[in-house]
Every structure is written in structure tokens, then in C-alpha cells.
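Peer 1: Quick one: the structure is below, questions incoming.
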Amino acid sequence: MEVAEVEAEVEKKATATRSRLIVRLAALLVSHSTLVSVVCCLAGLIALLVLPLLAKNTYISENALLPGSANPVLSYQHVTQANNLIMDIMSIADDKQAPDIEIPKLIAKYMEILGAETYHHKFSQPQNQFHPLYFFSSSPNSPPTLANLSYGTSTVGIIRAPRGDGKEAIVLVSPYNTQNAGGIDASASASSIGLAFSVFSLLSRATWLAKDIIWVASDSRFGDHTSVSAWLNDYHNPNFIGDASSTRIFKRAGTMACGIVFKVVEKERREKYEDRDVVTLYAEASNGQMPNLDLLNVVHYLAVHRQGIRVRIGMFGGLVKSHLVRVLGEVMQQVGRFARSLNPDWRFEMPSSEYVEGTATLASSIYSQALGVPTGPHGAFRDYQVDAVTLELSPRFSLKNEHTRLAFLLKGGRLIEGTVRSVNNLLEKFHQSFFLYFLTAPNKFVSVGVYMIPFAFLVAPLPIIAASLFNLTSNRNPWRWLHTAKPLLITHTWSVVVTLLPFYISKISDLPSTHCMLTWAGGSLMALVILYIVFGSPYSKHVEWRLLKAVMIASVSIGLCLMSIINFATAQIGALFVVPMCLFALPIRVKTNNSLIRSMVMTCNLVMAVLGFPVTAVALMQGVIKGFGTVSILEFWDSMKFLWGWNSATYLYLVLVHLPCWLLFLHILFHPCR
Amino acid sequence: MASDPKGSQLRRILLIFFSLSIILPLSSPSPTMHNNNWAVLVCTSRFWFNYRHMANTLSLYRTVKRLGIPDERIILMLADDMACNARNNYPAQVFNNENHQLNLYGDNVEVDYRGYEVTVENFLRVLTGRHEASVPRSKRLLSDEGSHILLYMTGHGGNEFLKFQDTEELQSHDLADAVKQMKEKNRFKELLIMVDTCQAATLFSQLQSPGVVAIGSSMKGENSYSHHLDPDVGVSVVDRFTFYTLAFFERLDMYSNASLNSLFTSYDPTLLMSTAYYRTDLYERPLNMVPVTNFFGSVMKTIPTDSAYPGFLVAHASEYATISAETETARVVLEDEADHSKTYDQSEKGLQHILDEWLKLLEGKLGVKDPEVLVAYGLGSMVLLLTISTWLSS
């Protein structure tokens, strides 16, 4: 008898092992869903906080670049010529005789002396409109209508490479503002032109050019970005419709290998004494796209190791002073020290000050990418898949002194010369190094393989929780989720309506932003009510709250994963808000045994119901970054207008993923629990 | 007798001289004599930043040309054209030193395979001689069983491979197979393979054909480094191994007798930043007995003829053989080389006419087929030798 029993047991085990391992593993995870989700979320948060520790030093991975291998040959002769140009521009600006016509003429004259092909590019101000269908497309610019609008004039010069094949070009952009030619930073603005001219005059005699050089002295009266993006649009979309009599000359020079935007900024009040010239790098383009890391590395290498210029990137100064981050830094240092005492090979110890700076820089990097708005004219290049970077050079001494100005121009010019020569050596597009990265210092980066980990940890519990909730429902019908699909469908239809409403609101001109905001809110509410009247209440008797939550979690995880592909940084920040909402959602009327846990969860729920609302969430984000004093909820309309004006996908995320999630969260919160 | 070293030396030389003059024409046909030199110089990498590989190869090209290998016996393969690259600050010139003293791409550079012609396939075809019928003679390695071949390769390599053109690889067993085919087809007598690349030593691991000596710039796991950067051109212009090889050859001319051993031991690992590795187990001759000019130079052999017609050459054939054999003897003994030649000169002066007389007599008699007569003459010469030596020592 006993033997037979044992045999039967063995057989049972054998059949159990025959069911596939992955299925059993999934079942195990689902049955321990609460534990798994708590562990995963904690791991995600910790992984996010240790990202500055995991940053690696940057390195130049493209062999062909050879930065700094050639001696710079920019001399005082070039700089002195450039200084003459600066003087001429300043005198025109002082005379105040139509500088917007005279300065482009002057620049063109100087370009022609060097033997460059020259033309003027005229562009008008684009109307900042809401284009719901233009998201993700390269350019929303309509063909220019120069009829009776005010227009800007950029001056463009092209040097052909003497022995190059003329198929590739490097673009130098120096923005200047003719409207403000006599203004405060006039000398700095003129110095940008001078800097470009000194490099341009050197390159016009260079024998080693393999790519043509285009210098765009862009008129930044409508902002730096507008002129560059208008020029790039005309460059890439030839307009043949115009009548033959129009004598608009537009010359081209092949595919762009890289764009270098540089402007000189003289800081009036320095925060602290600088012992060196400083160059600040701006790299973020629209929707969190970054130029190839090699481009930043080349600039950083040449600036630091060749010209002795300090390199800065964006950093949130507020976070450096924050006590919380400082305490975290101390903790990280202690943990690193402890780990090292356990095993000397574990070298992730980092001084707390370095951690604090790394965190502040990383936060700035993530925020700039998450916003999806380019941080400078280089963003216009990225729309055409051209790697570009903006260098903001600020001198140590005043530019009013001629000697210091010449020295500064020489230094900055050599930096740009070196970068151009390095890119000139390229044989292919930038492709070797990373495109997906966050920076924690000018020479430290977190690559995609590392920064995916926190997000993966945060999102991983979502499908597990959804599956376990689905199993917990009393209804055993496999199609039971169809009933809950209705509220989901209503919510998402509503969110599409909310997305499109601003298009119609912005048609009504001359409304102050507060009114627009109120109209948008009112319209959205009305749309929701109408949808409920048409489709019926979301709380029908088949809709269990668990099923509703499961469906909500499933839809949110799909939305987050989609967004992580479009703009990872947005998804990363969004997950910090949305994932707790998904995990904690619990109806107020639900009956539980443990009242302590219930009250805690309820408090969390109510807090999240307030903070999870997109308007407050955005205000909270901006408050953390910029300080709470400046934030007002009524500015939401303006910030949203800013986002869609730049075609940022963050707007779509906020309205199409975050907003429905919040609404479903409220549905669950107020579920009747019959 | 020790008091008269000069005399004994003289005797020794005469002894060698006479015995050789008798024995050589009689001995059975020995392995074919070294009678010509070829060089195959290969630069395998493209792209501007690999400027130094082309400069390496062109430097070697210039060196072997200077040391006497004529252009028609050099197969030069260059995978890219740096001289005409738009990035070149000095159009149509290639330098291997930042002092720009020497333009390697001057006149008389005959590139046999260039650009995308430099492939593994073409390289193996050149070595094994399996060309399509349309390939001109100038692009073929027309070596024979008496050839000494120098094979120089540079580029980017790794463990047991050398990269060609950024797309293909030559693996160590490909190279070994080609060399084996060459041996089977009697395409060389001796082959020197010189490779300047990372982990060059691994490329030789599969070689098994006799008569091959190989040297590489680095051992397994080591990189080969560039020597210096030219700040005007903006690239590295020469590799360390090649730089020091060239430095060695700059001191030599085509009459120098520096041995392969002295070349191989001249590499200083601290300067090279890698360990030069040479493989000699397939090679019979001791390295210190082989002049570098056996590979890097050319056989300098003039054939004196009284008449352009072969029928009249019979009388001179053996004389010629004698002289060449004697030169060989003198050259192989490398140590105290200078002393030897001095003594030789003196003896030549003093005994010139006697020798000439005796030789003429010998030659006259050698025509006779009867071995007994030959033996008699041989004994006679021994007697003569004995008399002379006694006379000299007294």
C-alpha cells in the first residue's frame, strides 16, 4: 500500500514538472504579488538614487575623430581681422541706422573678402499654433509668407573644401540679435560673430578640409531657434513653387555632418569668481533626443585638455543646497565605504559632495529631456537627424578690454577650430557612441543600459498586480473584463477630447491664459458629463473594482512602456507618479479587517488623488526643480502651450496616459463596492 | 708556427680555395641556389586615421628599393590613398616622420594593388600565383625555387587574424595554407614574414612549411603602438615596430652584412611597448649567418661574359661558379668579416698570377671525364699545396 502511495506521489510530481517552468514562475510571482511589488518599487527607487554612482567616465569611441591630434593654427592675425568686424558691427549699432539691414550686409561683405559664397536668408516669425497632427513630424513650419510681416535676415557663407567631394558639410551657427544691437550685451553678441569670423577666415585657407563649411550668422530677433529652424527647413525642403522671377538665392553644401552653435555670453553678475573662461554645453533636443555622446566628448576634451576652458552643463542649483540630497550623499558615501571594506574590488565609493553635484546635474539632465523642449538652436538640427550642440562661451574678463577680448577670441576660436577639424576627420555619421544617455557631469554619463533599470523595476510589478487582481475577482467568466472595458473606453475617449480642446480654444484669439485655462477645464468637464450620459454610468453592476483596477493598471503599463520608447525621461518621471497610484488604489467603501492599514492606504490615496492630478503634478515637478515660490497652478495653460508649441510628446503623455490614469483612480476610489 | 698567424691564415684560405674549386663542380646538385629576391608589401587598412599603415608600408618599400630589390620584383599593395585624401595637409605627399624630411610618395612609386583591390582573395592569389589570365605580369609574384621573399604586412589585427579593408580578415591558417601551397609549387627558397599589427605573433601559429622565418611586432595579448603623432598632418605617422626597423636599416647599405639575428635582437621591448616575437623553428640556417640583405636586398650577381653567345660560355662557367661559391663562403663568415677580406685581398695580390696559371691548368684537365685523372690532379694539387705551405712557414 505505502509503496503504491509513494509511486502515485512521484507521478504527481512528474506531471507537475511537465507544466512549463515559465508558467509556474509566473504563477509564483502572481501569488506573491504584494511582496513582489513592494520589493520592485523599493528597488526601483534605490536604483534611481544610486544612478550618480553608476555613472561612467566618458570616452571617445569613434577612432576617426582624433581630437586634438593636430595643433591649432588659429593665430592673432585671424583674431585681429575678427576684431575689426566686431568694431564695425558695434559702430553700426551705435549709429542706430537700420542695423537689421546694415549688419547682414557688413557680414556678407566680410565673408566675400574671404572668397566664400554668400547669400541672405529671410524668414518670418512662425505662428505658435497648436498642431495636433504635427507631433513627431520634423517641422511644423508653413512656407514663409514674407508679404508684409516683419522678417529676420540671416547671412550664410559657404566655403567649399578644396579637395573634398562636396557631399558633406559642417555647419557653424552664430546667433546675433539686430534688434538689440545697441543693448547691454551688444559686445558679447558682436563677439559671437567675431568668433565665427575668425574661425571662418582660418578655414577659408585650410588645405585639409574634406567637408564644406557653412557659417550661418543667424538673426535671433525671434529667438535663436526660429532662424536656425527656418534656415534648416529651407535647406532640406527646396521650394520650387515660387515664381521664376523671384531671385531668392539659396545655396547648399551637402549632408550635414554636424552643427556647432556658439554664442558668447557675458555674465553681468557672476555668482562666484571664475578663474577660467567657461563654456556651457546644451545638448537636449526635442522629445529628449540627444546628439551623439562623441560630439560632446570632443568638445569637452578639446576645451579641458587643450584650451584650458572649464566645461559646464545644466545643473539644478537648488538641489545642491537641499538637505535631503546632502544626507543622501553622506549615506551613499558610508555605504560605499562599507562595501569597500567588505570587498576592496567594489569601488563605488563617492565623496558626498560629488554625489550631490552628480544628482543635481542628473536631475537637470532628466528634466530637460523629459520636458521634450530643445534647450537651444541645436534642437533644430536634431529634427533632421543632424548631431548638434550649443556652446555658450562666457569669458573670464570683460570683453570691453581689447586685449582680453583678443585672447578670449583666440581661445574660443581654437576650441571651435579643433572641433571642426575633428569632425572633418569623420568618415561616417556619428554612430559609434551613445545616443541615449543622461549626463551627471560634463565627463560622466549614465548609459541607456543602466538608466533603464529603475524604470524596469517600477513598471515590472504592474502586470503582476493586474494578473493577481484578475484572479481575485468573484466572477469566473474569462471575458469578465469586457464590462470594465467600457469605463476605460469612456476615459480614453474623454482624454482624446481633452487633448484636442486647446486647438479650438487657441483659435479664439486674445483670451488671457487664465480664461483659456478655465475654458479648457470647463470644456473637459462638460465632455465627461456628456460621455457619461451617452454611455451610462461607469459603475454598472458587472464592474467590480478589482477588475477596474486590473484594467487600469494594464492600460497604464502599456502607456508607460510606449512613452518610454518615445521619450524615456518623461516615462521615468511619470512612472514615479503613476505607479504608486496604480498600486495603492482602493475604494473608500471597501471593507477590510485591519483598520490601521486601511486608514494608512486611504490617506495615501487621498494625497495621491490630489498630487496625481496632472495640473498639480506639473506644478509639483516645477516646484521641486525651480523652487515653490514661483509656481502657480494657473500657469498650467502657459506651460502646456509651451509644450505643444515645441511639439513635445510630453503633452500627449500628460493628457493621454496620465490624465486617464488619474480619472480611473478616482473611479476606483469612489467605487460603490456593491 | 703560431708566431706567424698571417701565414697560417693564408694557408687556410688557400686550402679552402683549392678544395672548393675541385669539389664544387663535382658534387651532386645541391638545393637550388638563392638567385633572386622578391618583396610583397601589404598595407591592409583603409581610412584617414590609419595613415600610419600606409606610411609604414611605403617606408619599407623605399628601404627594400634602396637595398636593391628592383620595382618589378616588389608587389606593393596599399588599401587606401592617403596622399590624395582631402584631409591631407600636404597634398600628394606621405611622411613617416614629423620632420617631413622624406616624402615617401615621391617619384617612382609603383603601387601594384590599390584601394579596394587589396582583398584577402587578391593577396592569396598573389602568394599562390593563381591569377586570372588577364592579370598582368607586373601584378604577379613570379618567384621560383631560388627566390627569397620578404612578406611585410601591416594593419589592424587580433588573435590569429589580420583585418583587410575593414570588411574581411586573413586568418592565420589562411596564411599558413598559402605558404604551404607556395612551398609545394616551389615558389620560394626562403620566406621572411614580417608583420606589424596587434598580437602579430598569433598570425604565425599555424605555419609549418620549411624555409620560413617570421617576425611580428607583438606577442599574443599585446598591442602594437604608433610611434609618434604629426601635429601638422594631425595623425600618427608611423608604428613603433616599423620605425625601429627602419632605424636599423638606415645605417645599412646594400653591401652591408648585418645578420638577421642582429635585426631581430635590435628591438627593445621598452621602446616598442610590445615584445617583438620571431619564429625560427622552420628555418634551417642559423640566423646570425644570414645577412639581412638576403631578404631586404637583392642578389648582386653579375655574369661576366666574353661573348653574347652561350656556346662560348663553357670555358667560363666553372670559373663563375667558383667565384660565386667563394663569395658565399666569405659572406657567410660574418664575424671578423673585415679582417678576412683584408687578408684575402693581400693573398690575391701576391699569388694572383700563380693561381691563374694553376687554375687554367685545372680547367683544362677538368674537361676530362676519367675520374682517375681527376684524382691524380687532385693529389697533385695537394702536393703543391704542401710545398707552398712548407715554403711559406719556413
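The values are calculated or read from the model by the stated rules, or taken from the named source; none is laboratory data. All values reported here derive from a predicted model rather than from experimental measurement. Please note: Cβ atoms are built from the backbone with ideal geometry, for glycine as well, and neighbour counts cover all protein chains shown.
Peer 1: So in region A:269-290, with the set limited to residues that are under 20 Å from A:Glu417 (Cβ atoms) and in contact with a Gly (Cβ under 9 Å, 6 or more places away or on another chain), which one is modelled with the lowest pLDDT?
Peer 2: Only one residue tops the list, namely A:Arg276.
For (1) assigned to a loop (DSSP other than H, G, I, E, B); (2) farther than 28 Å from A:Leu66 by Cα, each residue gets a yes or a no:
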| site | (1), (2) |
| --- | --- |
| B:Met77 | no, no |
| B:Asn99 | yes, no |
| B:Val109 | yes, yes |
| B:Phe123 | no, yes |
| B:Val126 | no, yes |
| B:Glu132 | yes, yes |
| B:Leu142 | yes, yes |
| B:Met153 | no, no |
| B:Val179 | no, yes |
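Peer 1: Tell me whether region A:575-585 contains one or more residues that are assigned to a helix (DSSP H, G or I) and more than 30 Å from A:Val446 (Cα to Cα).
Peer 2: For region A:575-585, residues assigned to a helix (DSSP H, G or I) and more than 30 Å from A:Val446 (Cα to Cα): present.
Peer 1: Here's a follow-up. If B:Leu104 satisfies every condition in (1) within 14 Å of chain A (Cβ to nearest Cβ); (2) buried (at least 17 other Cβ atoms within 10 Å of the Cβ) but one, which is the exception?
Peer 2: For B:Leu104, the exception is condition (1).
Peer 1: A further question follows. Cβ-Cβ under 9 Å, sequence separation 6+ or interchain: first residue in region A:86-111 and crowded, with 21+ Cβ neighbours inside 10 Å, partner in a helix (DSSP H, G or I) and among the basic types (Lys, Arg). Which pairs?
Peer 2: Within 9 Å, the pairs are A:Ile86/A:Arg405.
Peer 1: Now for a different question. Residue by residue through region A:39-63, note down the ones that are within 14 Å of chain B (Cβ to nearest Cβ) and not β-branched (Val, Ile, Thr).
Peer 2: Selection gives A:Ser61, A:Glu62, A:Asn63.
Peer 1: A further question on this structure: Scanning region A:152-170 for residues that are farther than 17 Å from A:Gly115 by Cα and among the hydroxyl-bearing types (Ser, Thr, Tyr), which turns out nearest to the other protein chains (Cβ to nearest Cβ)?
Peer 2: Selected residue: A:Ser154.
Peer 1: Output yes when any residue across region A:395-406 is away from chain B (no Cβ under 14 Å), assigned to a helix (DSSP H, G or I) and either out of contact with any helix residue (DSSP H, G or I) (no Cβ under 8 Å at 6 or more places or on another chain) or within 30 Å of A:Val356 (Cα to Cα) (or both), and no when none is. First the steps, then the outcome.
Peer 2: At the first step, the residues of region A:395-406 found to be away from chain B (no Cβ under 14 Å) are A:395-406.
Okay, now just the ones that are also assigned to a helix (DSSP H, G or I), so A:402-406.
Now restrict to residues that are either out of contact with any helix residue (DSSP H, G or I) (no Cβ under 8 Å at 6 or more places or on another chain) or within 30 Å of A:Val356 (Cα to Cα) (or both): A:403-404.
Within region A:395-406, one or more residues are away from chain B (no Cβ under 14 Å), assigned to a helix (DSSP H, G or I) and either out of contact with any helix residue (DSSP H, G or I) (no Cβ under 8 Å at 6 or more places or on another chain) or within 30 Å of A:Val356 (Cα to Cα) (or both).
Peer 1: So, of the residues in region B:68-93 that are of a type in the set (D, E, K, R) and under 15 Å from B:Leu41 (Cβ atoms), which turns out to be surrounded by the most Cβ atoms within 10 Å (Cβ to Cβ)?
Peer 2: Within region B:68-93, the match that is surrounded by the most Cβ atoms within 10 Å (Cβ to Cβ) is B:Asp80.
Peer 1: If the Cβ limit is 6 Å and pairs must be 6+ apart or interchain, which residue in region B:38-52 that is among the hydroxyl-bearing types (Ser, Thr, Tyr) pairs with which residue that is not in a strand (DSSP E or B)?
Peer 2: B:Thr44/B:Ala79; B:Thr44/B:Gly155; B:Ser45/B:His53; B:Ser45/B:Ala79; B:Ser45/B:Gly155; B:Ser45/B:His156; B:Tyr51/B:Met82
Peer 1: Restricting attention to region A:416-429, does a residue exist that is over 23 Å from A:Lys263 (Cβ atoms) and away from every other protein chain (no Cβ under 14 Å)?
Peer 2: Within region A:416-429 (the criterion being over 23 Å from A:Lys263 (Cβ atoms) and away from every other protein chain (no Cβ under 14 Å)), the answer is yes, since at least one residue qualifies.
Peer 1: If you go through region A:618-671, how many residues are in contact with a helix residue (DSSP H, G or I) (Cβ under 9 Å, 6 or more places away or on another chain) and either of a type in the set (Asp, Glu) or outside any helix (DSSP H, G or I) (or both)?
Peer 2: Number of matching residues: 9.
Peer 1: May I ask you to say which residue of A:Asp219, A:Asp234 is crowded, with 24+ Cβ neighbours inside 10 Å, at pLDDT below 90 and out of contact with any Cys (no Cβ under 7 Å at 6 or more places or on another chain)?
Peer 2: Only one candidate qualifies: A:Asp219.
Peer 1: Related question: Please go through region A:64-80 and give me each residue that is more than 9 Å from chain B (Cβ to nearest Cβ) and assigned to a helix (DSSP H, G or I), ordered by number.
Peer 2: A:Tyr76, A:Gln77, A:His78, A:Val79, A:Thr80
Peer 1: I'm trying to understand the selection: among the residues of region B:84-101, which are on the phi < 0 side of the Ramachandran plot, within 12 Å of another protein chain (Cβ to nearest Cβ) and without any contact (Cβ under 8 Å) to a residue 24 or more places away in the chain?
Peer 2: Residues satisfying the conditions are B:Cys84, B:Ala86, B:Pro91, B:Gln93.
Peer 1: Mind listing whichever residues of region B:206-217 are in contact with a strand residue (DSSP E or B) (Cβ under 7 Å, 6 or more places away or on another chain) and at negative phi?
Peer 2: B:Leu207, B:Val212, B:Val213, B:Ala214, B:Ile215, B:Gly216, B:Ser217 - these are the residues of region B:206-217 that are in contact with a strand residue (DSSP E or B) (Cβ under 7 Å, 6 or more places away or on another chain) and at negative phi.
Peer 1: Output the residues belonging to region A:556-572 that are assigned to a helix (DSSP H, G or I) and buried (at least 22 other Cβ atoms within 10 Å of the Cβ). It would help to see each step written out before you state the result.
Peer 2: Taking region A:556-572 and keeping what is assigned to a helix (DSSP H, G or I), we get A:556-566, A:568-572.
The answer is A:Val556, A:Leu560, A:Met563, A:Ala569, A:Thr570, A:Ala571, A:Gln572.
Peer 1: So in region B:33-60, with the set limited to residues that are β-branched (Val, Ile, Thr), within 21 Å of the chain's Cα centre (by Cα) and not in a helix (DSSP H, G or I), which one is nearest to the other protein chains (Cβ to nearest Cβ)?
Peer 2: B:Val42
Peer 1: Checking the condition part of a loop (DSSP other than H, G, I, E, B) and among the polar types (S, T, N, Q), which residue from B:Ser262, B:Ser236, B:Ser274 passes? Reasoning before the result, please.
Peer 2: Values: B:Ser262 fails: part of a loop (DSSP other than H, G, I, E, B); B:Ser236 fails: part of a loop (DSSP other than H, G, I, E, B).
Result of the check over B:Ser262, B:Ser236, B:Ser274: B:Ser274.
Peer 1: List the number of the failed condition for A:Met608; all other conditions in (1) over 14 Å from A:Val657 (Cβ atoms); (2) more than 27 Å from the chain's Cα centre (by Cα); (3) not acidic (Asp, Glu) hold.
Peer 2: Unmet for A:Met608, out of (1) over 14 Å from A:Val657 (Cβ atoms); (2) more than 27 Å from the chain's Cα centre (by Cα); (3) not acidic (Asp, Glu): (2).
Peer 1: When you look at B:Leu246, is it among the hydrophobic types (A, V, I, L, M, F, W, C), more than 14 Å from every other protein chain (Cβ to nearest Cβ), under 24 Å from B:Gly155 (Cβ atoms) and not in a loop (DSSP other than H, G, I, E, B), yes or no?
Peer 2: yes
Peer 1: If you go through region B:182-205 one residue at a time, do you hit one that is in contact with a strand residue (DSSP E or B) (Cβ under 9 Å, 6 or more places away or on another chain), farther than 30 Å from B:Cys84 by Cα, among the small types (Gly, Ala, Ser) and buried (at least 19 other Cβ atoms within 10 Å of the Cβ)?
Peer 2: Yes, there is a match, as at least one residue in region B:182-205 is in contact with a strand residue (DSSP E or B) (Cβ under 9 Å, 6 or more places away or on another chain), farther than 30 Å from B:Cys84 by Cα, among the small types (Gly, Ala, Ser) and buried (at least 19 other Cβ atoms within 10 Å of the Cβ).
So that you can scan it fast, the table gives a plain yes or no per residue for (1) modelled with pLDDT of 90 or more; (2) closer than 18 Å to B:Leu58 by Cα; (3) touching a helix residue (DSSP H, G or I) at 6+ places or on another chain (Cβ under 7 Å):
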{"site": "B:Gln199", "(1), (2), (3)": "yes, no, no"}
{"site": "B:Thr202", "(1), (2), (3)": "yes, no, yes"}
{"site": "B:Leu207", "(1), (2), (3)": "yes, no, yes"}
{"site": "B:Ala214", "(1), (2), (3)": "yes, no, yes"}
{"site": "B:Asn223", "(1), (2), (3)": "no, no, no"}
{"site": "B:Val238", "(1), (2), (3)": "yes, yes, yes"}
{"site": "B:Ala247", "(1), (2), (3)": "yes, yes, no"}
